[in-house]
Amino acid sequence: MVHMTSRVLTIGFDLDMTLIDSRPGIHACYQALSTRTGTYIDADLTITRLGPPLAEELVNWFPAEEVEAVADLYREMYPTHAIAPTPAMAGAREAIAAVRETGGRAIVVTAKYEPNAKLHLSHLGIEPDAVIGGLWAEGKAEALREYDAGVYVGDHTGDVRGARAANALSVAVATGPCDADELREAGADVVLTDLTEFPSWLAGHTKAPL
């Protein structure tokens, strides 16, 4: 008789620059927002620092008292401008599939507005077991603990901090604004070049003694 382990391995993934290359869509949305509001926004610059919450970027271009209203406008405009131009990152679909092949669950935990995060994944045909939005850095630990995630995969030092706060293994991919050295210095347990390396890493991880 085969005894199954009672604990299903749950792996969390970040969204922007981990599962999706959101630069083209966010660039287009910022350009549209600039036109709509009449406020200059350097869209080329904004996409070099993706990861933190929207308000942290908008405060560079709008008075603090306007940020909340502008953020609402951006999120409202986002589906029209940002979903279609945004491709999956190399290896994204295969990474989710690899988790499933181990019998595990794949969840997405992102700072992005949750309805827009779900639109991206639906458009690309990527179907995680759960999508939790609106969480950044250490705040991501809230969802990681709720879903009992043992691993969190992300591209930003904030993702590393979130994993560590949840006592999850931090797997970092050097596909976003933070390079491999920054990710290591932040405390990532594993640093991969991109998600194409994830399935083979996972295969080794699931065979390793607990």
If we keep only residues of the range 163-210 that are aliphatic (A, V, I, L, M) and farther than 24 Å from Arg93 by Cβ, then the residue modelled with the lowest pLDDT is Leu210
Name, by its number, the condition in (1) within 24 Å of the chain's Cα centre (by Cα); (2) not in a loop (DSSP other than H, G, I, E, B) that does not hold for Asn60.
(2)
Exactly one of Tyr152, Tyr74, Tyr113 is of a type in the set (Phe, Trp, Tyr) and farther than 30 Å from Thr39 by Cβ, and that residue is Tyr152
It is to be established whether one or more residues within the range 16-29 are over 18 Å from Asn116 (Cα atoms) and open to solvent by less than 20 Å² (accessible area, probe 1.4 Å).
no
Filter pass, Asp155 being modelled with pLDDT of 95 or more, of a type in the set (D, E, K, R) and open to solvent by less than 10 Å² (accessible area, probe 1.4 Å):
yes
For the range 181-191, state whether one or more residues are surrounded by fewer than 19 Cβ atoms within 10 Å (Cβ to Cβ), touching a strand residue (DSSP E or B) at 6+ places or on another chain (Cβ under 6 Å) and of a type in the set (Gly, Ala, Ser).
no
Go through the range 51-93 and report how many residues are open to solvent by 20 Å² or more (accessible area, probe 1.4 Å), farther than 12 Å from Asn116 by Cβ and among the aliphatic types (A, V, I, L, M).
9
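The values are calculated or read from the model by the stated rules, or taken from the named source; none is laboratory data. Values in this document were obtained by computation on a predicted structure and should not be read as measured data. Positions of Cβ are generated from backbone atoms using ideal geometry, with glycine treated the same way; all protein chains shown enter the neighbour counts. Keep in mind that these areas ignore ligands, DNA and RNA; they rest on the heavy atoms of the full protein, side chains included. Shrake-Rupley method; radii C 1.70, N 1.55, O 1.52, S 1.80 Å.
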